[in-house]
Amino acid sequence: MARWWHIRAVVTVGLATFLFPLAPVRAEPAYIPLVRDYVDKQIRPMVETPLVLNAIADQNAQFDNVSEMDMRVLDETYRSEVDQHQLHMVKLLLDKSVSHYLKARQDTSQGVIVEFFVTDSHGLNVGQSTITADYWQGDEEKYLRTFVNSSREIFIDRAERNESTQNLETQASFVVMDEENRPIGVAIVTIAIDAL
């Protein structure tokens, strides 16, 4: 009798677990696979070119021993210039050949790419298609969830509505690898989901 009660209890618990899982299953938002596919098929090949890889490698060599304090000062200087519309650092960045290349890729994306930039191993911008909000990404999720984590996955941020364009946008980031499969930086692209 006790054995039958034990079997019934196990079946009841098993059935309850099946019908009412302890952790709710969360479905991936519908835009995630679309963005992941676009980044894998379109963005990665754009980034994995000698022009981009060499630009990142050159900046990694230039800023090899940069301190976090120096990076914060550079970032504050950049932000201050953007706020005051005195764009010395921005112009230097936008004049780089890697930035012209990223801008050209953005311009031919039929509105899908809103912003496109790459960083060095510290998270400092190497090249950018437009004026970014800041120069150092090293304290942000797009860098922490990719480069710091040594992740090979694409990090896709939460989608948000752009107030000025009314486009639904998300930002996707991934670690850039050199020819010897070593992590050297991060590629970040803002994508207009409505244009995919």
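The values are calculated or read from the model by the stated rules, or taken from the named source; none is laboratory data. Since the structure is predicted, the reported quantities are computational estimates derived from the model, not experimental observations. Quick reminder, even Gly has a Cβ in these numbers, built from the backbone with ideal geometry, and neighbours come from all protein chains shown.
Couple of notes before you dig in:
- Scope region 139-178; condition out of contact with any strand residue (DSSP E or B) (no Cβ under 9 Å at 6 or more places or on another chain) and of a type in the set (Val, Ile, Thr); matching residues: VAL148
- When the residues of region 137-155 are filtered to those that are among the hydrophobic types (A, V, I, L, M, F, W, C) and touching a Phe, Trp or Tyr at 6+ places or on another chain (Cβ under 8 Å), the one that is surrounded by the most Cβ atoms within 10 Å (Cβ to Cβ) is ILE154.
- Looking at ASN60, ASN65, just one residue is closer than 24 Å to ASP178 by Cβ and under 21 Å from the mean Cα position of the chain (by Cα), and that residue is ASN60.
Listed here are the residues, each with its yes/no results for (1) farther than 28 Å from THR77 by Cβ; (2) modelled with pLDDT of 95 or more; (3) surrounded by 21 or more Cβ atoms within 10 Å (Cβ to Cβ).
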{"site": "VAL98", "(1), (2), (3)": "no, yes, yes"}
{"site": "ASP107", "(1), (2), (3)": "yes, yes, no"}
{"site": "GLN110", "(1), (2), (3)": "yes, yes, no"}
{"site": "GLU115", "(1), (2), (3)": "no, yes, no"}
{"site": "GLY127", "(1), (2), (3)": "no, yes, yes"}
{"site": "TYR135", "(1), (2), (3)": "no, yes, yes"}
{"site": "ALA159", "(1), (2), (3)": "yes, yes, no"}
{"site": "GLN171", "(1), (2), (3)": "no, yes, no"}
{"site": "VAL176", "(1), (2), (3)": "no, yes, yes"}
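- Criterion (of a type in the set (Val, Ile, Thr), under 24 Å from GLN59 (Cβ atoms) and without any contact (Cβ under 8 Å) to a residue 12 or more places away in the chain) met by exactly one of VAL148, VAL189: VAL148
- Among the residues of region 83-98, none is identified as touching a helix residue (DSSP H, G or I) at 6+ places or on another chain (Cβ under 6 Å) and of a type in the set (Ser, Thr, Tyr).
- The listed residues are ASP83, ASP134, and the only one of them that is on the phi < 0 side of the Ramachandran plot and within 16 Å of the chain's Cα centre (by Cα) turns out to be ASP134.
- Members of region 159-176 that are of a type outside the set (Gly, Ala, Ser), part of a strand (DSSP E or B) and without any contact (Cβ under 8 Å) to a residue 60 or more places away in the chain: GLU160, ARG161, GLU169, GLN171, VAL175
- Count of residues meeting criterion [surrounded by 13 or more Cβ atoms within 10 Å (Cβ to Cβ) and either polar (S, T, N, Q) or under 23 Å from THR170 (Cβ atoms) (or both)] in region 80-96: 1
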